[in-house]
Each structure stands twice: as C-alpha cells, then as structure tokens.
Amino acid sequence: MTNHAAFAAEDAVTAVAAPAQPGRHFASFPPRRARDCRKAALGRMDLATSGVLMAGSLLDSMKASSPRHAMSPAGADHEEWIEKHPSALEWFEGVLAAAEGKQIVMFLDYDGTLSPIVQDPDRAVMTEEMRDAVRGVAQHFPTAIVSGRCRDKVFSFVKLEELYYAGSHGMDIKGPTKVSNHKAKADEVLCQPATEFLPVIQEVHEKLTAKMESIPGAMVENNKFCLSVHFRCVEEAEWDALGRDVKAVLDDYPKLCLTKGRKVLEVRPSIEWNKGHALKFLLKSLGYAERVNVFPIYIGDDRTDEDAFKVLQNMGQGIGILVTKFPKETSASYSLREPAEVKEFLRKLAKSNGTKKG
C-alpha cells in the first residue's frame, strides 16, 4: 500500500525554459498500448536493490513497519533529519522558485497521503476537502494517482475522471476518462506489464486467504496484479506466524516476491516494474521524457514510493515529498507530516498557478 522524504539545489534543473502554454498542460499523444510497457518490464527484478524481503528478515521488517518501533521524533536526530528534508509548506516559495518556467506534473500516492491510514483498508475514504484540493491541482497540472491498490478500488475512492490512475504499484495504468481543458478522452488502458501473472495472483490469493483465516485480524486484499496481506489488526505475538505462513505459500511460486509496506506484506510479480517505472512511463507518454523544462512532484508516504523518489533524484529534476511524522531513511527532498498538510500544499500550489495566470 503506502510508506515515507530533502531539498537541495541539485534537485532542480538549472536550465529554465519558457513556461508551458496556458491551459494546455497535456500533450496530445496516442495512448501507448499494454504491450509497449510489457517489453520494458521483461527483466527480472534485482532482488538486491528492490527491497524484497529475504529469509530471516521478515519479522524484523514487519516490526520496523510499525510506528511503535519507529525512531522517536524528538531530539537531535529529528532536527538533523528535518534539516535534510524540510517541510514543503515552510519552504513552499523555494519549491515555486525551483519550478519556475517548468511544467509541473503531479504524482500522488493514496493511502497515508490523500487518506489517513486506517484499521480497515476498505474504509480509507478521502474527504471532500481533499478531493477538491486534488481537483484544483488537476485543473492546472497533469495529475496521476500512483497506488499499490487495485486501480478500480483507488478510483472508487478518488472519483475524479480527469486524472491518470496507476494501480498495483504502477502495473495497471489508465488515462483520464473525462474530457477536460487539458486533454481529450483517453479511456483505454495504457500499461499492464504483468498481465501474464493474473492467473497465479488469483491462485495465491485463494491460498493466502485460506491460510489467514486462522490468524485473527489478518486480511488479504486482491489488488489485481499484486496482493496485500494486512496485519495492522493482528496481535504482535502473531506476526511471526503470519509471516511464516505467507512465506510458506510463496515458496511454491518463485516468480513472485514479497515486499513490505506500513503494516502490510506485498506479494508482487518479480518483474522490473514499480512506482518509479510508472512515473517514467507517464512522463514519456505525456511527451515530457528527456525535457529539461518539466518539474515532476511526487508525494507519498510508503516504502514503495521510494522507487519514484529515486527516479527523480537520478533525473535531477522535480522533487519527492515524504509524508511522515517520524524520521526515516528516504530519497525524497521534502517532507509533510500528514494528509492534512498534503491538502494544504496542493491548495497552495493550485492557488499560486491561478494567481500567475490571473
């Protein structure tokens, strides 16, 4: 599902191009078909760098995903972390200065970013105020939701047809289904690089669901191209048993891998595709690949969002913003403490663009 980000001068491209033409943020392009991104994902995942959980590390990783085991926000360590990852609200003018003359493209995680983390994943609804804030940003900038959730599920929460949606950690991407001032209708699937894994994902879902029945509070969520085993409502004494049961099922499926999020274990195809690949795919589809006058902003709270933060860091363009109240190792440039601050940041960004055009 979701996990948690530093402003430095090198984050922004020094060359400044002319501003994008007002009211025309989306480039006209034919939607790229699913086979195009499947080719890009043919390589097997590099287990050494992907955050895949190896034997012996599972229980420790599960504990590390719990706020009770996280680093305390007090003291010198926290102050040093904030220096490296300052508040995107307090440094808002710096963000605007870095984006001056460039096309902003907005990428947003869902759980923990647009909606608070809740006990029951099915109740992770966003407020109308947050929906208005996202709608306001999308009126000015191309905007995508990038989530570990099933794409249809996250759309049912957000309910905005003018956005791009990348579900299953970017393995299921679809363009806007609503005609807007940005772009004409693009209601066909753009990218599904893991289609061949659908039968095995369904098979593993059934096995895991049966296994988890004996562990009170455990829940298995089918996100179409990946699975989420939630243990937020499981007693900590049962975590080891839960982890061993999940691993026992996956031992029979070498083409699947196990990663972790915030009190969730993720079962995913072992392919070279993650939220970072989704970000690059969308930038290319929108016609912004290799352009120096683009400024992607990615906001997320989860470990899986680090793949996107690293892409921006390697590009030397745009910024990553981590949503967290606790110091965490991250490749993001800035931080925000909670979804309420994300909402305020989005409102300020939309307002600043409207002011410039006014």
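The values are calculated or read from the model by the stated rules, or taken from the named source; none is laboratory data. Not measured: the values here are computed from a predicted model. Ideal geometry is used to build each Cβ from the backbone, glycine not excepted, and the neighbour counts take in all protein chains shown. In case anyone asks, the SASA skips ligands and DNA or RNA and just uses the protein heavy atoms, side chains included. Shrake-Rupley method; radii C 1.70, N 1.55, O 1.52, S 1.80 Å.
The candidates Asp111, Asp77, arranged from most to least accessible area with a 1.4 Å probe in the full protein assembly, appear as Asp77, Asp111. Ordering Pro269, Val200, Val234 by Cα displacement along the dipole of the stretch 195-269 toward the positive end leaves Pro269 in first place; charges were set at the Cβ atoms of Lys, Arg (+1) and Asp, Glu (-1).
Lys174 exposes around 50 Å² of accessible area when a 1.4 Å probe is run over every protein chain in place. Taking amide H as placed 1.01 Å from N in the peptide plane, Ile271 has its amide H under 5 Å from the amide H of Met45, each at least 5 places away in sequence or on another chain.
The stretch 80-105 and the stretch 280-358 have Cα centres separated by 9 Å. How big, in percent, is the set of alpha carbon pairs in the stretch 247-358 lying more than 22 Å apart? Above the 22 Å cut-off, the stretch 247-358 has 47 percent of its Cα pairs.
Distances between placed amide hydrogens fall under 5 Å for Phe295 paired with Gln103, Ile104, Val105, all partners being 5 or more residues away or on another chain. Backbone geometry of the stretch 136-151 corresponds, through the Karplus equation with coefficients 6.51, -1.76 and 1.60 at θ = phi - 60°, to 3J(HN,Hα) couplings of x, 5, 5, 5, 10, 9, x, 9, 10, 9, 10, 9, x, 5, 4, 4 Hz, x marking Gly and Pro. Calculated on C-alpha atoms, the gyration radius of the stretch 195-269 divided by its Kirkwood radius gives an Rg/Rh of 0.94.
The charge dipole of the stretch 195-269, taken about its Cα centre with unit charges on the Cβ of Lys, Arg, Asp and Glu (plus for the first two, minus for the last two), comes to roughly 300 debye. Among the GluC sites (Glu not before Pro) in the stretch 246-351, those located in a DSSP loop and surrounded by at most 13 other Cβ atoms within 10 Å of their own Cβ are Glu290, Glu329.
In the context of the full protein assembly, Val267 retains an accessible surface of approximately 0 Å², using a probe radius of 1.4 Å and ignoring ligands and nucleic acids. Annotation: peptides 94-105, 221-232, ranked by per-residue average of other Cβ atoms within 10 Å with the highest first, follow the order 221-232, 94-105. Couplings 3J(HN,Hα) of the stretch 210-222, computed from phi: 5, 5, 6, 4, 8, 10, x, x, 6, 9, 10, 10, 8 Hz, in residue order, whole Hz [Karplus 6.51 cos²θ - 1.76 cosθ + 1.60, θ = phi - 60°; x for Gly and Pro]. For Ile173, the solvent-accessible surface with a 1.4 Å probe is about 0 Å², rounded to the nearest 10. Just so you know, the averaged projected area of the alpha carbon convex hull for the stretch 256-303 sits at 4.2 nm².
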